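I have placed the structure first, in the form of structure tokens, so that the comments after it can refer back to it.
The values are calculated or read from the model by the stated rules, or taken from the named source; none is laboratory data. Keep in mind it's a predicted model, so treat the numbers as computed, not measured. We place every Cβ from the backbone using ideal geometry, glycine too, and count neighbours over all the protein chains shown.
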Amino acid sequence: MTREFQVQGVRVSELARRYGTPLFVYDGTALRDRFHGLRDRLHPAMEIFYSLKANPNISICALLHSFGARAEVSSLVELTTALRAGVPPQQVIFLGPGKSRQELAACLDTGIYAVVCESIPEVALVDELARERGVKAPVALRVNPRFAVKRSGLAMGGRPRQFGIDEEELFGRTDLVKRFPDVDLMGVQVYMGTRILHEAVIVENTTRILDLAERLSDALNLELRMVDVGGGLGVSYFDGESDLDAQVLTDGLNPVIEDFTARHPGTRLIMELGRYLTAEAGTYVMGVRYTKTSMGERFAVADGGTHHHMAAVGIGSFVKRNFPMAVLNRLDEPATEEWNVTGPLCTPGDTIGKKVPLPPVRPGDLIGVHRSGAYGPTASPGLFLSHGYPAEVLVHEGRCHLVRERDRPDDLLKRQRLYDPTAQDNTTHER
Ligand SMILES: *Cc1c(COP(=O)(O)O)cnc(C)c1O
């Protein structure tokens, strides 16, 4: 019998039969191992917050929370997701450069641990909302630091950005604490960039962020009850990349954390991780509909594509690099051919894999994109050509759970209205 990709003993052909394709499959054991691989080595004072942006599925959030993760959210729905997943408000922080009044009000009304403010006008709005409610709003300041991260996939600090408040500016704002009496300025947050694959860079960032937080708290006379050192821990996707070594990373980080906690024993330390926690645990499974050749190249036209997995087109690079891919139902067959793996969209950009080494592909095969648990459908143009959202299945402790239903045509059409040419202006204004 041919060897098949399995998740905790459940064969991929069985998953495809039960749930259809395209499909995202998450392995709960892989999620747990990933979380604990870091948690069990990391200094206990450093708390791990899960960045829902990477994968906002409520069951993924709940499962990570059951292992000990807290939540970092950036929209009203992400906040609601985290709370419904069972994360207590005191384990939730909210950040993002353009929070609405409604979102900020929800932060105060639900009693989350901290609102991470990214501009002075935002602090002023929080101050106003807190006064209306007769509460003191816990606010951490996101700093856009002077220094930039080296060797990250996407740098955030050290240049003009919509994120955070420039370090130079903040040091001049010594009146902040007095100016906003209903705001409890309690911490500092810095996020340096994403997809970092060098342990030493993360250690250096953390050291500099903790140092910046200390200097800032002295200069502004703010109590340092929390420092959020960001994260940006990457996973390897492409040839030539290698994964972070959790042991090497924590061997470097822990003394820095220990040093800081010795001086600030009451300060809560936070690391925000999205991709690192979820990427490896997810596989995107597509069914092959047709195979053909064009001008000498082979094409496998699949039922899934870049509308669910934009990242696979190639992130942070102009050259197409392929995610790890395989014909999941015939794992033991050698990759003797090169295949372009494409989807149903009417654009040449809908190419999930270019010249991927695969065994001979046949219609009905299941092609998988590994390491796809982060920045999948929610970071992709899912409405392009109206195919909508795929199904998502979590396999945990040997059981399969449908954690997201596939969009049906009615789901995609129900918010559109066919105009009536004879009707008066009956626009319902939405806010
Ligand atoms: C996107 C983002 C994260 C999560 O990033 P990953 O690279 O997925 O870990 C964390 N913090 C902030 C501020 C972000 O913008």
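Before moving on, here are some points about what is shown:
- Some residue of segment 21-40 being away from the ligand (no atom under 15 Å from the Cβ), touching a residue at least 12 places away in the same chain (Cβ under 8 Å), touching a strand residue (DSSP E or B) at 6+ places or on another chain (Cβ under 6 Å) and within 24 Å of V115 (Cβ to Cβ): no
- Annotation for segment 255-265: no member residue is free of Cβ contacts under 8 Å to residues at least 12 places away in the same chain, surrounded by fewer than 21 Cβ atoms within 10 Å (Cβ to Cβ) and at positive phi.
- Listed conditions (1) over 23 Å from E14 (Cα atoms); (2) in a strand (DSSP E or B) are all met by N322, apart from (2).
- Residues within segment 243-253 that are of a type in the set (S, T, N, Q) and surrounded by 19 or more Cβ atoms within 10 Å (Cβ to Cβ), tallied: 1
- Hits in segment 100-124 - residues which are part of a loop (DSSP other than H, G, I, E, B) and under 17 Å from A71 (Cα atoms): G111, I112, Y113
- Apart from one condition, V139 fits all of (1) within 20 Å of G274 (Cβ to Cβ); (2) buried (at least 23 other Cβ atoms within 10 Å of the Cβ); the exception is (1).
- The residues in segment 273-308 that are within 16 Å of the ligand (Cβ to nearest atom) and in a strand (DSSP E or B) can be counted, and the count is 2.
- Near pairs, Cβ below 6 angstrom, 6+ apart or cross-chain, from segment 62-85 (within 14 Å of A114 (Cα to Cα) and outside the structural domain of A379 (by TED's automatic domain parsing)) to any residue that is buried (at least 21 other Cβ atoms within 10 Å of the Cβ) and hydroxyl-bearing (S, T, Y): A71/Y50; E72/S51
- The residues listed here are G240, G193; of these, the one that is at pLDDT below 95, buried (at least 22 other Cβ atoms within 10 Å of the Cβ) and either away from the ligand (no atom under 16 Å from the Cβ) or on the phi > 0 side of the Ramachandran plot (or both) is G193.
- Between E132, E168, E128, the distinction of being modelled with pLDDT under 95, more than 13 Å from the ligand (Cβ to nearest atom) and in a helix (DSSP H, G or I) belongs to E168 only.
- Among the residues here, L15 does not qualify as in contact (Cβ under 8 Å) with a residue 24 or more places away in the chain and under 18 Å from G230 (Cα atoms).
- Sub-6 Å Cβ pairs linking a first residue in segment 396-417 that is over 17 Å from C61 (Cα atoms) to a second residue that is of a type in the set (V, I, T) and assigned to a strand (DSSP E or B), at least 6 apart or interchain, number zero.
- One residue stands out in segment 220-237 among those that are at pLDDT 95 or above and away from the ligand (no atom under 16 Å from the Cβ): the one that is surrounded by the most Cβ atoms within 10 Å (Cβ to Cβ), namely L224.
- Residues satisfying the stated conditions in segment 88-99, i.e. assigned to a helix (DSSP H, G or I) and either of a type in the set (G, A, S) or more than 15 Å from D228 (Cα to Cα) (or both): P89
- Segment 291-326, subset at pLDDT below 95 and among the charged types (D, E, K, R), residue surrounded by the most Cβ atoms within 10 Å (Cβ to Cβ): R321
- Segment 182-208 residues that are over 22 Å from A45 (Cα atoms), paired with ones that are assigned to a strand (DSSP E or B) and away from the ligand (no atom under 14 Å from the Cβ) (beta carbon under 6 Å, 6 or more apart): V183/A137; V183/V139; D184/P138
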